[in-house]
Amino acid sequence: MSNSNYQLDSIDQRILAYLVQNARTPFLEIARECGISGAAIHQRVKKLEDAGIIVGSQFLVRPQALGYNICAFIGVQLSEANMYNSVVETLMKIAEVVECHFVTGDYAVLLKVYCRDNDHLMSVLIDTIQNINGIAKTNTFMSLNHAFERQVYVKDKSIAKRGRK
């Protein structure tokens, strides 16, 4: 359920800032920092989830720890615009494809893929992606360095400045 009318107050902003910094921060710690009860934090987080503002929490695994040392972005041109849904449905079945975006510009679709090495990437491209009905052309960009990644901006800068764990 998503509620676009939900109005975030300053306490919601602080809760989100803590959770963005570390989703495993105990609710009681957040409650102490916000000056409200642990039960109130639970209720507010539940409301934020129900409103579709918080969409989950997860553990992130570094792909390199599993032997996936190549990160690449693949721009995909479709042979026909109406092929988008069927192409995406097929791409979803490819384990190496971890993100798929419908984009503007020269490509219809932008993919993020992880592969073990260059040979694996070449196989995913030639034997799998380029064989999908509806894909006319691909252009691959290899990532040389992942400089940073972060969550969307949260207004409570005081929490970020404290260098939370």
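Testing the spin-label approximation: label points 7 Å from Cα along Cα→Cβ at E49 and V103. State their distance in nm.
3.4 nm
Using only C-alpha positions, report the orientation-averaged shadow area of the convex hull of the chain, nm², one decimal.
For the chain, the mean projected area of the Cα convex hull comes to 12.3 nm².
Give the aspartates and glutamates whose C-alpha is closer than 12 Å to that of K46, dropping any in the same chain fewer than 8 places away, or say none.
Excluding near neighbours in sequence, the set is D12.
Do me a favour and compute the ellipsoid semi-axes for segment 10-58 from its Cα gyration tensor, root of five times each eigenvalue, largest one first, whole Å.
Semi-axes, largest first: 15, 12, 9 Å.
Taking the beta-carbon count within 10 Å as an exposure proxy, list R62, R44 from fewest neighbours to most.
R62, R44
First select every other residue whose beta carbon is under 11 angstrom from the beta carbon of I70; then total the charges, Lys and Arg +1, Asp and Glu -1.
Working: positive: R116; negative: E96, D117, D119.
For residues surrounding I70, the net value is -2.
Excluding residues on the same chain fewer than 8 positions from K93, give the aspartates and glutamates whose Cα lies under 18 Å from its Cα.
D127
Who wins for biggest fluctuation among L60, L16, L111 in a Gaussian network model of the chain, springs between alpha carbons below 10 Å?
Checking each option, the largest mean-square fluctuation is seen for L60.
How high is the relative contact order of the chain, in percent, counting Cα pairs under 8 Å that sit 6 or more residues apart?
After rounding, I find 28 percent.
Could you work out the Rg to Rh ratio of segment 63-142, with Rh taken as the Kirkwood radius (inverse of the mean 1/r over all Cα pairs)?
Result for segment 63-142 is an Rg/Rh of 0.95.
Calculate the FRET efficiency for F148 and S79 from the Cβ-Cβ distance with a Förster distance of 41 Å, rounded to the nearest 0.05. Don't skip to the answer; put the middle values down first.
Details: r = 36 Å, r/R0 = 0.88.
Efficiency computed from Cβ-Cβ geometry: 0.70.
Laboratory data are not the source of any read-out in this text; all were calculated from the coordinates shown. Given the structure is predicted, the values throughout are model-derived calculations rather than measurements. Cβ coordinates were reconstructed from backbone atoms using ideal geometry, including for glycine residues, and neighbour counts include every protein chain displayed.
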